[in-house]
Amino acid sequence: MKFRHSLATTVLLAAVATLGSASAQTVRIGNQGDALSMDPHSLNESLQLSVTGNVYEPLVGRNADLSLRPALATSWKQTAPNVWRFELRKGVKFHDGSPFTADDVLFSFARGAGEGSDMKGYTNDIEAVRKLGSHVVEIETKGPFPILPDVLALFYIMSKTWCEENQAVRPVDRRKGIENTASFKANGTGPYRLRERQPNVKTTFVRNGSYWGKIEGNVTDVEYTPIGNDATRVAALLSGQVDVIEPAPLQDVARINASGHAKVLQGPELRTIFLGMDQKRDELQFSNVKGKNPFKDKRVRQAFYQAIDIKGIQRSVMRGASRPTALLLGPGVNGFDPALDTRLPYDTEAAKKLLAEAGYPNGFDVTMNCPNDRYVNDAAICQAVAANLARIGVKINLQAETKGTYFPKVLRRDTSFYLLGWTPSTYDAHNVLSSLMRCVDDKGAGQFNLGNYCNPKVDELTQKIQSETDRAKRNALINEAFKIHQDDVGHIPLHQQALAWGVANNVALSQMADNFMPFRYMSIK
């Protein structure tokens with residue numbers, strides 16, 4: 001086994017070496033996974049949006065400190081409680097040289113709201129987008145929506161003409177495995193251009209010499225290589241074959257810091273890792289329980305929750321680099337209230353009793369879906385959860401797989417029990433409520449509520465939170481909604497993971513709390 005592992009490591013390192021010798025201004029990134037598509041509307045996942053956000057841009061962007069900044073819109077204002085006007089930046093060109101205009105904005109919003117899009121959560125509260133001039137648009141929302149600019153910060157604009165000419169009018173639908181030109185080619189307005197795309201092998205980017213704005217760093221070329229194996233990723237960093245790795249395996253942090261060649265940048269992340277359960281089907285798809293769905297019973301959901309030794313996971317799996325949580329959001333997200341952040345106690349005997357009361361004294365079998373290359377130690381977390389649940393008689397059939405097959409599966413809701421991570425794109429509690437906790441509809445509400453948790457009172461509060469402008473009243477509504485969700489055991493929160501990037505000593509970059517990695521902030525020292 002040792003020989004086979006070493007051979008695999010050597011082969012993978014050889015593949016990394018084929019990236020070629022780096023020029024003085026080339027940064028080579030090794031990530032545990034790949035962006036699944038270059039289509040910016042195909043998957044609402046932070047790695048995907050981080051990578052494509054170097055090529056495409058939103059109307060409203062974010063600075064390194066996550067504050068809002070003008071991007072393709074130079075200014076915005078409310079002209080009525082449910083109407084916003086955006087003045088668009090003039091003189092901007094797409095990478096093919098064509099001009100950016102209001103037509104591209106209208107097209108992009110229609111595309112993002114259409115069939116195949118995974119970005120409907122950003123558009124479902126928009127009633128209409130209107131062109132007022134070549135560089136002025138008006139967005140009407142279904143009700144007052146004071147955080148609209150925050151919502152739009154990850155909704156990227158595409159070229160109408162390019163999409164039409166390249167048969168990419170509809171987004172790539174990752175759920176159905178559909179691809180088009182936008183999967184492999186790109187034409188944005190951003191600070192970097194896509195040079196070459198080899199899915200799951202290598203993607204290269206080059207600095208946009210005609211970019212409309214300032215590029216803070218000096219990097220001219222970026223080579224992005226997925227390296228799934230932890231040991232191989234670390235070896236590539238320490239041998240100088242890549243300059244940045246994400247994530248740095250927690251067990252290797254001390255070794256990297258002591259290498260003299262690289263260091264690990266660590267910090268808190270806004271992402272929450274949690275478990276979800278199918279609460280809609282009358283019979284679970286993947287369980288030995290027939291004729292009913294155990295997860296429709298709150299006692300079963302609570303039994304699972306109380307069977308999980310979260311401190312043990314923090315200690316043994318996460319090596320201390322996590323923050324156990326009782327909520328689907330954490331510190332740094334607007335609306336977080338520490339008073340609600342108290343987990344149900346870890347209590348195996350109480351969990352057994354709850355299962356017995358629900359009619360499952362001997363437990364039951366259920367399949368658990370988990371990625372093995374998306375979150376920090378994701379597969380190991382699922383293995384630990386499975387071991388915890390075995391103590392109350394629940395047999396977990398663990399399916400840990402690459403995110404390339406995991407995400408299409410769970411996004412189709414072909415799952416009974418799953419692990420997911422979520423970073424609210426607006427850094428506001430409303431995003432968590434709208435995306436993860438609202439009742440699912442065909443317009444984008446509850447788009448990532450993959451287990452179909454549904455409480456009409458939470459929906460009602462979410463709508464009120466969306467339009468409330470008084471901060472104290474808004475926070476009270478947020479607390480009420482999250483308390484209902486807690487009492488329902490709508491999901492099982494686990495923890496907020498910590499950021500850990502391995503960075504060569506000659507590279508400077510900005511580590512952002514949303515785990516985005518903009519190339520524009522990178523420099524070779």
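No lab work stands behind these numbers, since they all come straight from the coordinates. Quick caveat: nothing in here was measured; it's all calculated off a predicted structure. Cβ sites come from the backbone with ideal geometry, for glycine too, and all protein chains shown count toward neighbours.
Projecting the Cα atoms of Leu238, Asn208, Gly228 onto the dipole axis of region 178-286, where Lys and Arg carry +1 and Asp and Glu carry -1 at the beta carbon, places Asn208 farthest toward the positive end. Under 12 Å of direct C-alpha separation, and excluding same-chain neighbours fewer than eight residues apart, Lys202 reaches these aspartates and glutamates: Asp34, Glu223. Partners of Lys483 within straight-line reach, counting aspartates and glutamates whose Cα lies under 15 Å from its Cα and excluding those fewer than 8 residues away in the same chain: Asp337, Asp341, Asp459, Glu460. Once every DSSP H run of n ≥ 4 in the chain is given -39500 (n - 2.57) and the sum is divided by its residues, what mean residue ellipticity at 222 nm do you get, rounded to the nearest 500 deg cm²/dmol? Helix contribution divided over all residues of the chain: -7500 deg cm²/dmol. Modelled label positions at Ala339 and Ala110, each set 7 Å beyond Cα in the direction of Cβ, lie 4.9 nm from each other. Legend note: in the chain, cysteines whose Cβ sits 4.7 Å or more from every other cysteine Cβ are Cys163. How charged is the neighbourhood of Met522? Take every other residue with its Cβ under 13 Å from the Cβ of Met522, and add Lys/Arg as +1 and Asp/Glu as -1. Computed value for this residue: -1. Counting Lys and Arg as +1 and Asp and Glu as -1 over every other residue whose Cβ lies under 12 Å from the Cβ of Asn200, the net charge comes to +1. For region 85-223, a crude dipole built from +1 on the beta carbon of Lys and Arg and -1 on the beta carbon of Asp and Glu, taken about the Cα centre, is about 180 debye to the nearest 20. When only the Cβ of Lys, Arg, Asp and Glu is charged (+1, +1, -1, -1), the dipole of the chain relative to its Cα centre reaches about 580 debye. Each Lys and Arg adds +1 at its Cβ and each Asp and Glu adds -1 at its Cβ; summed about the Cα centre, region 109-172 shows a dipole of about 100 debye. Of the three principal axes defined by the Cα atoms of the chain, the extents in descending order read 67, 63, 41 Å. Across the chain, Cα pairs under 8 Å and at least six residues apart give a relative contact order of 20 percent. Beyond a 21 Å Cα-Cα separation, which of these cross-linked pairs lie in this structure: Lys280/Lys473; Lys77/Lys160; Lys93/Lys160; Lys311/Lys352; Lys93/Lys120? With Cα atoms farther than 21 Å apart: Lys280/Lys473; Lys77/Lys160; Lys93/Lys120. Taking the DSSP beta bridges with both ends in the chain, the antiparallel portion is around 75 percent. For the chain, the residue among Tyr521, Tyr427, Leu450 whose Cα projects farthest onto the positive side of the dipole built from Cβ charges is Tyr521.
Calculated FRET efficiency, Val206 to Arg315, Cβ-Cβ distance, R0 = 41 Å: about 0.40 to the nearest 0.05.
Straight Cα distances below 14 angstrom link Lys185 to the aspartates and glutamates Asp39, Asp96, Glu164, Glu165, Glu196, with same-chain residues fewer than 8 positions distant left out.
Relative contact order of region 161-229, taken over Cα pairs closer than 8 Å and 6 or more residues apart, is 21 percent.
Each peptide among 391-399, 184-192, 208-216, 321-329 gets the average number of other Cβ atoms lying within 10 Å of its residues, and from highest to lowest they stand as 184-192, 321-329, 391-399, 208-216. Compared with the rule-of-thumb size 2.2 N^0.38 Å for a compact globular protein, region 35-158 has a Cα radius of gyration ratio of 0.99.
Given a Förster distance of 30 angstrom, what is the FRET efficiency for Arg412 paired with Val169, based on the Cβ-Cβ distance and rounded to 0.05? The calculated FRET efficiency here is 0.85.
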